[in-house]
Amino acid sequence: MAQEEPERRGRQTDRSLTMSRAMVEAIAHEMRDDDEVFYMGEDVADYGGIFDSTEGLLEEFGRDRIMDVPISETAYIGAAVGAAQAGMRPIAELMFVDFFGVGMDQIYNQLAKNTYMSGGNVNVPMVLTAAVGGTYNDAAQHSQTLYGTFAHLPGMKVIVPSTAYDAKGLMHNAIRDDDPVVYLFHKRLMGIGWLPAPDGPKTGVPEDEYTIPFGSADVKREGADVTVVTLGLHVHRALEAAESLADDGIDVEVVDLRTLVPLDTETVRESVAKTGHLVVVDEDYQSYGVTGEIIARVAEGGLDDLEAVERVAVPDVPIPYARSMEDEVVPDADDITNAIRTVRSNE
């Protein structure tokens, strides 16, 4: 039986892994334990996934369980949904989350709804993985984040890890879940050579299996003055901002949501009740997105403790190709720092 995350065993190990290796380790463990688990996607076999999401799995499990597929997201996501309904536990990878539109009917009308539409007669125990995020100049069709889109559509759990420790525990839980799980990993956090990661995502990871419950946010840094709520890459940018502000006497708490569906509203509200100041940071688009949802949930809990709020997100424009322009629209540590200073000045 896997250990659950509250024991925090991952923080006690000397062994460090990149996020990609932690994900692969969890997948391999589940494939050894259950012959019904298999992985399919574009360039996931011989290439090992363009972001190392399946590196090394082909050698152990062969082509019957690590399958390259034709470039037809509609076809292979649909095949994965059918396999899940028949009792298997497929993992299907979208190479880039931006490609979800090609298979949207299979995702939203089949993956997300078939348990409901069948009156509970079928489950869809499937994981849909996808790379998200910008910061490496791949333009408007390969650089979006879009986790707010999946979170908005009922029927799917939505997972966004920020560290190797979290990535492994969340992946174990995702594969074992009897409902559809959308598991979104940020390219910049995977630890691959041609796309360097910031300090932080490479963490201690136990060799033993363990699970992290969905709907359990993690306070990555405790503080008393300002709450920053974020996820994915921007956990690390928020931590960078927090460290820079500590010298000025501003004590920042950083809450990593880890999952959007289910959402740990209680941890967010508890943090805001302590600090009285809220900054929500998101690499998705600002309008109708995660930043607005978090602020609304805090407000629904009562505003007595909230003195000021700011949100930092991608403006409602396509992600530019030019590096200088992409850097302008994707929030960085300086943007977070400025937002924290603003909420402090608006007391």
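The values are calculated or read from the model by the stated rules, or taken from the named source; none is laboratory data. Here the structure is a predicted model, which is why all the values come from computation and not from measurement. Here the Cβ positions follow ideal geometry from the backbone for every residue, glycine too, while neighbour counts run over all protein chains shown. Note: accessible area is taken over every heavy atom of the protein model, side chains too, but ligands, DNA and RNA are not part of it. Shrake-Rupley method; radii C 1.70, N 1.55, O 1.52, S 1.80 Å.
Couple of notes before you dig in:
- Sites excluded, trypsin sites (Lys or Arg not before Pro) in DSSP loops with at most 14 other C-beta within 10 Å, longest stretch of the chain: 64-347
- In a fully extended conformation the segment linking Y136 and D105 would gain 8.2 nm over its present Cα-Cα distance, using 0.36 nm per residue.
- Charging the Cβ of each Asp and Glu at -1 and of each Lys and Arg at +1, and nothing else, the dipole of the stretch 117-192 about its Cα centre rounds to 160 debye.
- Per-residue HN-Hα couplings for the stretch 240-256 [Karplus 6.51, -1.76, 1.60; θ = phi - 60°; Hz; x = Gly/Pro]: 4, 5, 4, 5, 5, 7, 4, 5, 8, x, 9, 9, 9, 9, 10, 9, 9
- For K187, the lysines whose Cα comes closer than 26 Å to its Cα, not counting residues fewer than 8 places off in the same chain, are K157, K168, K202, K220.
- For T203, the residues 5 or more places off, or on other chains, whose built amide H falls under 5 Å of its own are L17, A164, Y165.
- Between D208 and E328, the C-beta separation translates, for a Förster distance of 41 Å, into a calculated FRET efficiency of about 0.40.
- Between A299 and S287, the simple spin-label model (points 7 angstrom out along Cα→Cβ) gives 1.7 nm.
- Using θ = phi - 60° in the Karplus curve 6.51 cos²θ - 1.76 cosθ + 1.60, the 3J(HN,Hα) couplings for the stretch 17-32 round to 10, 6, 5, 5, 5, 5, 4, 4, 4, 5, 4, 4, 4, 5, 5, 5 Hz; x is entered for Gly and Pro.
- Dipole of the stretch 54-199 [Lys/Arg +1, Asp/Glu -1 at C-beta], most positive-end residue of G62, A131, P180: P180
- Packing-based order for 225-234, 146-155, using average beta carbon neighbours within 10 Å, highest first: 225-234, 146-155
- Placing R0 at 35 angstrom, the Cβ-Cβ distance between A75 and H152 gives a FRET efficiency of 0.90 after rounding to 0.05.
- In the full protein context, the stretch 258-301 carries 39 Å² of accessible surface per residue, based on a 1.4 Å probe and ignoring ligands, DNA and RNA.
- 3J(HN,Hα) from dihedral phi, the stretch 231-237, Karplus parametrisation 6.51/-1.76/1.60, rounded to Hz, x for glycine, proline: 6, x, 3, 6, 4, 6, 5
- Here's how it looks for V279: its modeled amide H is under 5 Å from those of T227, V228, V229, E310, which are all 5 or more places away or on a different chain.
- Cα centre as origin, Lys/Arg/Asp/Glu Cβ charges: the chain dipole, Debye: 400
- Based on protein heavy atoms only, the stretch 46-95 ends up with 43 Å² per residue of surface accessible to a 1.4 Å probe.
- Amide proton proximity set for V219, modelled H, under 5 Å, gap of 5+: D256
- Gyration tensor (alpha-carbon) shape descriptor, the stretch 152-211, a/c threshold 1.5: oblate
- A cut-off under 12 angstrom between Cβ atoms defines the neighbours of Y76, and their net charge, with Lys, Arg +1 and Asp, Glu -1, is -4.
- Accessible area per residue for the stretch 128-234 is 28 Å², calculated with a 1.4 Å probe on protein heavy atoms, without ligands, DNA or RNA.
- For the stretch 101-217, the share of accessible area belonging to carbon and sulfur comes to 48 percent (1.4 Å probe, ligands and nucleic acids excluded).
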